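**Student:** Dumping the structure here so I can ask a few things about it.
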Amino acid sequence: MRPYLRPYTPQLAAMVVASLAAVGAALGIPLVIRRIVDGPIARGDSEALLPLALLVLLLGLAETGLAFTRRWIQGGAANGFERSLRNDLYAHLQALPTAFHDRWHSGQLLSRAMADLAVIRRFVGFGLVFLVVNTVTFTLVIALLFRLYAPLALVTAGSVVPLAFLSQGFKRRYRAVSRRVQDEQGDLTTLAEEAATGIRVIKAFGRSPLVSGRYAEAARRLHDSAVESAQLRARFWSLIDLVPNLTLLGVLVVGALAVGRGALTLGGLVAFMSLVLILVWPMESLGGIIANAREAETAAGRIFEVFDTVPAIADRPGAVDLASSSGQLRLEAVGFRYPDAEEWALRGVDLDVRPGETLALVGTTGSGKTSLLTLVPRLYDVTEGAVTLDGRDVRGLTLSSLRRAVGVAFDDPLLFSASVRENLLLGWPDATDRELETAIATAQADFVHDLPWGLDTRVGEQGLTLSGGQRQRLALARAIVGRPAVLVLDDPLSSLDVHTEALVEEALARVLADSTALVAVHRPSTLALADRVAFLEGGRLLAVGTHTELAAELPAYRAVLGIDRDRPGRVGQVA
Amino acid sequence: MSTANPATEAWRGVAAEVLEDAKGGLAAFLRARSRRLLGSLLTPHRRTLCWLAVVVVLQTAAQTAGPYLVKVGIDRGIPPLVDDGSRGVLLLVVAGYLVAALAQAALTAVFVGALGRVGQDVLYDLRTRLFEHFQRLSLSFHEKYTSGRVVARLTSDVEAIGELLDTGVNQLVFAVLSLVSTIVVMFVLDVPLALVALGAFPLLSVLTAWFRRQSSRAYREARTAVALVIVQFVESLGGIRAVQAFRREARNQAIFEQVNARYATANIRSTHLAALFGPGTRAIGSVTIAVTLFVGAHRVIDGATTVGVLAALLLYLRRLFEPMQDLAQFFNSFQSAAAALEKLSGVLEEEPAVAEPAPPAATAVAPGPLDVRFEGVDFAYRPDRPVLAGLDLFIPAGETVALVGETGAGKSTIARLLARFYDPTRGRVLLGEVDLRHLSTPDLRAAVVMVTQEAFLFTGSVADNVAFGRPEASRAEVEGAARAVGAHDLFAGLPEGYDTVVGTRGGRLSSGQRQLVAFARAFLAAPQVLILDEASSSLDAPHERLVQDALHTLLAGRTAVIIAHRLSTLDVADRVLVVDGGRIVEDGRPDELRAAGGAFARLNEEWAASVGGAREA
């Protein structure tokens, strides 16, 4: 946290100074009042009244002016702090690998970036300053009280004991409850997100009552924890209210007796009570500040849980830029395991893809095709062995140059809430209109021109809903628009109808002629694009060869593609 | 709504919703609607709120007694003490003060605690009502409204109302009551001095009115900005694979920093407004105290009032202005809660386009296989673009029908109408003899299940996700369903078998694996009518073959509609319908149609050619 606070040290210091000066001005007022009561009032001297009253006015205005200064500075500092911390959190999250995001819900991350950061901002702008200011105020007032009349000061200072006692107990219990409330809020957000994004499935199965029940259950848990937290605060606040009240009572009793004995003037007593009143707010606010500090501590803990995760996939020291690539891709004894899995997703895979060659990956669901594809742009890193591009280990290349050389289309085509153009130029913002049009034409995505605002139409979650086939064609266009040296395509044509598929294939064949490509394939039809085929089973590479060779030699291969032995070109069911 | 420079926002693209939001002038109506929602939320708590009002009045009385007792102590308790050392009055004052202080503490605890509970009850009520309402609303709504906005309604908007109930109401109640009680007591103590103190009020109300206007604007801007931050955050991290693969991080960072800066600026603006308002009221307070002191001291000198009264008045004045500053906080939370209420009441007044039948009209379908009939069905997503016109279709009970045709031909629309995701604009869809519109949702969903291409998985294990088809199913039944679709070995072979947690949106499974889960789910649901919309597109051949074997069993005795681009799926179909431009152009058994040399035969040839295998090396 400290590096983020450091740039704001002058502001924080100014806030503390302004607050302390305001306290000083506030302290002056009762002293002047004492002089009014003991001086002009006691002597019946109206003349001397005006300057003293003006002094009270001046001190009052100074106090508010300083309070204004403090809060004005606070606005800039606390929000600036929050903003830079949030920017860095976002940057860090973007740098964390896919494996991290597989584990974390975006709801959990969002509550860290928004709710938790807001809590910390409040603490920095308010709690932290007043923790210092209130302590100083308390000490100052008590010191002043000792000078006025020691026995009364002792009574006032004594009030610290129950206060400290109370807040200690409160701290412990509040910490536990507030953490629970925050976690349960995160759970509820996750449920809301799932219900919103999965609404079609929920409707299709008529499971609204089920998910509503789950949501109500989680909302009830949050309700109970929040009520518990509210009760805790209610009890604490009322007790914390009681302490200054009892202190004031003690001051009245002891003070009255002292006035009776002539040890204290009436003006002194009035001033004393005013001073004790100044202590009321610091004492009362203590509860809020402590709660805030606890919350901020929990929130900071949750945020640093993320910050402390070191991006496992990053530029290594001495990583080199890949200026241009011939597209020679090689897998050397590659083994890969998902971070928290025990089983190998890939093991002992050796594969050599020649520049310009299109290699299809064939295998059953779960055979490791997708895992293999994610290793090329380093969405995951190999567990053992190496992936090399132009003879260089991809881990020794800068991520940006590697990913510039590798274009990707996933089986689950994700579009962002942005214009079609922005989505297509995702990786190549400087591509020309011509390149863009070529990519659109190749992917048979001309439908984009018929959208309400053409290429400027917003798609994705917040925009126009497109069909699976349309999204898939956009994803394909996005992968090829920059003409990368290596293309990694995961079942790129699965959602297209036969007619469109044939058109895409024809156009894609031209693109693939001068790129190296790895294409995961489920259908024999897409194999038309491939020069060679690699056959995977259970994470192992069983064979590499042309489709004809594999189809002739391997029954398992034929089974995976659903083709007949005698007529390797035909699909069994249709023929 | 957006005030940002259009040039820097161009990447966002244009969407219909932006144009919708630009419409205004509904403010008054919106407010009435919000009030109705608030009223309906608070009505169940009327009685609690009533006795809480009594508690808070008592609490205020106890609180107000304090300074008055101080005054009595100074004016009546101290003189006898000074004169002859008698402590009687002082002791009475002490006892009174003690009682008042204890009562104040107890009543505060009761009030804050009970109000906190009411607030949480209201939030719970609101959350569940909203959630259920979103579930009730039709797909046509969700397609327009987008999930990001649904989540925002359920989280940040509800929290804004929670904030108001949690602290805002407390602040308002205490501020108003201490204001009223202080004014009353001041008048009782010394009328001229009270009048002097009241002189501050015109100034205060001008300041407050100004602040309210400004902070209303500032808060709207802050909420717009925070929504942009949230969308950017959730979307880009949800799609982190694409972000990283396309080196989008820097651009994302720039966009995020821009929206985040806008959010910070909005926050700074509202903090600065509060910085003007809070100390502003205090400045007015300081002037009032100084003037009261000046006038009061004169009156004490003239013998018109006592030192005790002056001391008490000064104590009261402080109490008058402190809570006023809290009102700044209250206005802030009030503004955001009002904006949230506006949006929430709008959503809650949305009626589902596909309405639940009125209870007397609800009819049950007969058990066993059902026939399906489309009678003169017209349908359009947008009025100017008809998708189906006068469609007639009869599917006898137990028949499996495949819909074939190019993208956009209307296949999915037929499926969606049959699943009653939409209602026809004209004509009707009958299940057995019952119009779909007359079936209750539970009956409809028990009878008709649709499996779509996007196999959505929920947080939880593979078993949980399969059991989504029939939540009361035992583990054995779940495994039985997986076996039936040929996925048992695959699921059992996952790291923790059926208990493997699937990760965010099923991220730990491949799309093929996700589709198998969806299939097992549909199998377990065992509906009378099953619709498969491209459901097997991501399956590899062996799995698809397993699924097709399973389909033979599954579809036996069931009515089924299958949409597939892959003609291999047609293996299980008794009958093929070729759809083109929203019309059925061919209808017959697959082999008949293949032989007939029409559109289906052509499609079939294209398909056969496209699976012609790899380029010969």
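**Student:** What residues qualify as long-range amide H neighbours of B:ASP378, i.e. H under 5 Å apart, gap of 5 or more or another chain, H built at 1.01 Å from N?
**Tutor:** HN-HN under 5 Å from B:ASP378: B:GLY390, B:LEU391, B:THR425, B:ARG426, B:GLY427.
**Student:** Starting from the Kirkwood Rh over alpha-carbon pairs, what translational D in µm² s⁻¹ does segment A:239-287 have by Stokes-Einstein at 4 °C and 1.567 mPa s?
**Tutor:** 115
**Student:** Also, quick follow-up: Can you tell me the convex hull volume per residue for chain B, based on C-alpha atoms, in Å³ to the nearest whole number? List each step's numbers first, then the result.
**Tutor:** Working: hull volume 142.2 nm³, N = 617.
Looking at chain B, the number lands at 231 Å³ per residue.
**Student:** May I pose another question? Roughly what would the spin-label model give for A:ALA441 and A:GLN168, points 7 Å off Cα along C-beta, in nm?
**Tutor:** Roughly 8.0 nm, to one decimal.
**Student:** Given Cβ point charges of +1 (Lys, Arg) and -1 (Asp, Glu) and nothing else, what value in debye, to the nearest 20, does the dipole of segment B:354-512 about its Cα centre take? Walk me through the intermediate numbers first.
**Tutor:** On the way: 15 positive and 20 negative charges, 72 e Å.
Using only the charged Cβ atoms, the result is roughly 340 debye.
**Student:** Mind checking the mean number of beta-carbon atoms from other chains within 10 Å of the Cβ atoms in A:68-77?
**Tutor:** 5
**Student:** Continuing with the same structure: What are the ³J(HN,Hα) couplings of segment A:38-54, residue after residue, when phi is run through the Karplus curve with 6.51, -1.76, 1.60 and θ = phi - 60°? Round to Hz, x for glycine and proline.
**Tutor:** For segment A:38-54, the Karplus curve yields 6, x, x, 5, 4, 8, x, 9, 5, 4, 6, 5, 4, x, 5, 4, 4 Hz.
**Student:** Rank B:VAL122, B:GLN329, B:LEU315 by how far each Cα sits towards the positive end of the charge dipole of chain B (+1 on Lys, Arg Cβ; -1 on Asp, Glu Cβ) and give me just the farthest.
**Tutor:** Checked the options; the winner is B:LEU315.
**Student:** State the answer as a single residue: which of A:ALA150, A:THR457, A:ALA341 lies farthest towards the positive end of the charge dipole of the protein assembly as shown, with beta carbon charges of +1 for Lys and Arg and -1 for Asp and Glu, about the Cα centre.
**Tutor:** The one lying farthest along the dipole's positive direction is A:ALA150.
**Student:** Which one, B:LEU69, A:LEU232, A:LEU402, is farthest towards the positive end of the dipole of the protein assembly as shown when Lys and Arg carry +1 and Asp and Glu -1 on their Cβ?
**Tutor:** The listed residue farthest towards the positive side: B:LEU69.
**Student:** Under a point-charge model restricted to the Cβ atoms of Lys and Arg (+1) and Asp and Glu (-1), what is the dipole moment magnitude of segment A:412-499 relative to its Cα centre, in debye to the nearest 20? It would help to have the intermediate numbers written out before the result.
**Tutor:** Details: 7 positive and 13 negative charges, 13 e Å.
Its charge dipole is roughly 60 debye.
**Student:** Mind listing which GluC sites (Glu not before Pro) in segment A:319-423 are in a DSSP loop and have 10 or fewer other Cβ atoms within 10 Å?
**Tutor:** Working: sites: A:GLU332, A:GLU342, A:GLU343, A:GLU357, A:GLU384, A:GLU422; in loops: A:GLU342, A:GLU343, A:GLU357.
Here the sparse-neighbourhood loop sites are A:GLU342.
**Student:** For segment A:1-147, take the convex hull of the Cα atoms, compute a quarter of its surface area, and give me that in nm², please.
**Tutor:** Working: hull surface 46.0 nm².
If I average the Cα hull's projected area over directions, I get 11.5 nm².
**Student:** Can I ask one more? Please compute the modelled spin-label separation between B:ALA304 and A:THR135, points set 7 Å along Cα→Cβ, answer in nm with one decimal.
**Tutor:** About 4.9 nm, to one decimal.
**Student:** Would you pull out the residues with amide H under 5 Å of B:PHE458's amide H, same chain only if 5 or more places away, H placed 1.01 Å from N?
**Tutor:** none
**Student:** Using a Förster radius of 56 Å, what is the FRET efficiency between B:VAL180 and A:ASP321 based on their Cβ-Cβ separation? Nearest 0.05, please. Don't skip to the answer; put the middle values down first.
**Tutor:** Working: r = 73 Å, r/R0 = 1.30.
Taking R0 as 56 Å, the efficiency between B:VAL180 and A:ASP321 is 0.15.
**Student:** Limiting things to C-alpha atoms, what are the Rg and the maximum Cα-Cα separation (Dmax) for the protein assembly as shown, in angstroms?
**Tutor:** 36.7, 126
**Student:** Rule-of-thumb check for segment A:465-510: C-alpha Rg over 2.2 N^0.38 Å? Intermediate results must be reported in sequence, preceding the final value.
**Tutor:** Details: Rg = 10.6 Å, N = 46, 2.2 N^0.38 = 9.4 Å.
Against the compact-globule rule of thumb, the ratio is 1.12.
**Student:** A further question follows. Going through segment B:371-433, which GluC sites (Glu not before Pro) have at most 14 other Cβ atoms within 10 Å and a DSSP loop state?
**Tutor:** Details: sites: B:GLU375, B:GLU399, B:GLU406, B:GLU433; in loops: B:GLU399, B:GLU406, B:GLU433.
Those satisfying the criteria are B:GLU433.
**Student:** To continue, here is another question. For A:LYS203, list the aspartates and glutamates whose Cα falls under 14 Å from its own Cα; do not include residues on the same chain fewer than 8 positions away.
**Tutor:** A:GLU194, B:GLU132, B:GLU143, B:GLU356, B:ASP443, B:GLU454
**Student:** Percent of Cα-Cα pairs more than 22 Å apart in segment A:222-310, please.
**Tutor:** The calculated P(r) of segment A:222-310 puts 52 percent of pairs beyond 22 Å.
**Student:** Rounded to a whole number of µm²/s, how large is the Stokes-Einstein D of chain A at 37 °C and 0.692 mPa s, given Rh as the Kirkwood radius over C-alpha pairs?
**Tutor:** On the way: Rh = 29.8 Å.
Calculated translational D: 110 µm²/s.
**Student:** Now a separate question. Among the trypsin sites (Lys or Arg not before Pro) within segment B:56-119, which fall in a DSSP loop and have no more than 11 other Cβ atoms within 10 Å of their own Cβ?
**Tutor:** On the way: sites: B:LYS71, B:ARG76, B:ARG87, B:ARG117; in loops: B:ARG87.
Loop-located and lightly packed - none at all.
**Student:** Another question about this same structure. To the nearest 0.05, what FRET efficiency results for A:THR398 and B:ARG213 with a Förster distance of 56 Å applied to their C-beta separation?
**Tutor:** Working: r = 53 Å, r/R0 = 0.95.
Calculated transfer efficiency: 0.60.
**Student:** I would also like to ask the following. Assign unit charges at the C-beta atoms only (+1 for Lys and Arg, -1 for Asp and Glu), then state the dipole size of the protein assembly as shown relative to its Cα centre in Debye, rounded to the nearest 20.
**Tutor:** Details: 117 positive and 121 negative charges, 904 e Å.
It works out to roughly 4340 debye.
**Student:** Another question, then. For the pair B:ALA526 and B:VAL501, what calculated FRET efficiency results from E = 1/(1 + (r/R0)^6), where r is the Cβ-Cβ distance and R0 = 25 Å, to the nearest 0.05?
**Tutor:** Numbers: r = 26 Å, r/R0 = 1.04.
Result of the calculation: an efficiency of 0.45.
**Student:** Any idea what log10 I(q)/I(0) is at q = 0.20 Å⁻¹ for segment B:54-188, Debye with uniform C-alpha scatterers and no solvent?
**Tutor:** At q = 0.20 Å⁻¹ the computed log10 ratios are -1.10.
**Student:** D for segment B:179-295, whole µm²/s, Stokes-Einstein with Kirkwood Rh over alpha-carbon pairs at 10 °C and 1.306 mPa s: what number? Don't skip to the end; give the middle numbers.
**Tutor:** Values: Rh = 18.0 Å.
Once the numbers are plugged in, D ends up at 88 µm²/s.
**Student:** Between the helical axis of A:9-36 and the dominant principal axis of chain A, each derived from Cα atoms, what acute angle in degrees is found, rounded to the nearest 10?
**Tutor:** 20
**Student:** As an exercise, find the ratio Rg/Rh for segment A:342-499 from alpha-carbon atoms, using the Kirkwood inverse-distance average for Rh. List each step's numbers first, then the result.
**Tutor:** Details: Rg = 16.7 Å, Rh = 16.9 Å.
On the Cα set of segment A:342-499, Rg over Rh gives 0.99.
**Student:** Using only helices, what value at 222 nm comes out for the protein assembly as shown when you add -39,500 (n - 2.57) per DSSP H run of length 4 or more and divide by the total residues, to the nearest 500 deg cm²/dmol? Show your work: numbers first, answer last.
**Tutor:** Details: 44 runs with 722 residues, N = 1192.
Value at 222 nm, helices only, nearest 500: -20000 deg cm²/dmol.
**Student:** Could you give the nm distance between label points at A:ARG43 and A:ALA552, where each point is 7 Å from its Cα heading toward the beta carbon?
**Tutor:** 12.4
**Student:** I'd like the mean, over residues of A:207-213, of how many other protein chain beta carbons sit within 10 Å of each residue's own Cβ. Could the numbers behind the result be given before it?
**Tutor:** Working: counts 9, 8, 6, 4, 5, 7, 3.
Taking all residues of A:207-213 together, the mean is 6.
**Student:** Excluding same-chain pairs closer than 8 in sequence, count the lysine pairs in chain B whose Cα atoms lie under 27 Å apart.
**Tutor:** Details: B:LYS23/B:LYS144; B:LYS23/B:LYS343; B:LYS144/B:LYS343; B:LYS144/B:LYS411.
Lysine pair count for chain B: 4.
**Student:** What share of Cα pairs, in percent, lie more than 12 angstrom apart in segment A:150-195? Present the calculation step by step, with values, prior to reporting the outcome.
**Tutor:** Details: 739 of 1035 pairs.
So the pairs more than 12 Å apart make up 71 percent of the total in segment A:150-195.
**Student:** Taking the Cβ of each residue in A:TYR4, B:TYR145 as the centre, tally the other Cβ atoms inside 10 Å and list the residues starting with the fewest.
**Tutor:** Working: A:TYR4 15, B:TYR145 18.
Fewest to most other Cβ atoms nearby, the residues stand as A:TYR4, B:TYR145.
**Student:** How crowded by other chains is B:99-108, given as the mean number of beta carbons from other chains within 10 Å of each beta carbon? Don't skip to the answer; put the middle values down first.
**Tutor:** On the way: counts 0, 2, 9, 4, 0, 4, 10, 2, 1, 8.
Per residue, the number of nearby Cβ atoms from other chains is 4 on average.
**Student:** Further question: Please give the length that would be gained between B:ARG475 and B:ALA601 if that part of the chain were fully extended, namely 0.36 nm times their separation in residues minus their C-alpha to C-alpha distance (nm, one decimal). Walk me through the numbers on the way to the answer.
**Tutor:** Details: separation 126, 0.36 × 126 = 45.36 nm, distance 4.49 nm.
Fully extending the segment from B:ARG475 to B:ALA601 adds 40.9 nm.
Read-outs: derived from the displayed coordinates by stated rules, not from any lab. This one's a predicted model, so the numbers in the text were calculated from it and none came from an experiment. Positions of Cβ are generated from backbone atoms using ideal geometry, with glycine treated the same way; all protein chains shown enter the neighbour counts.
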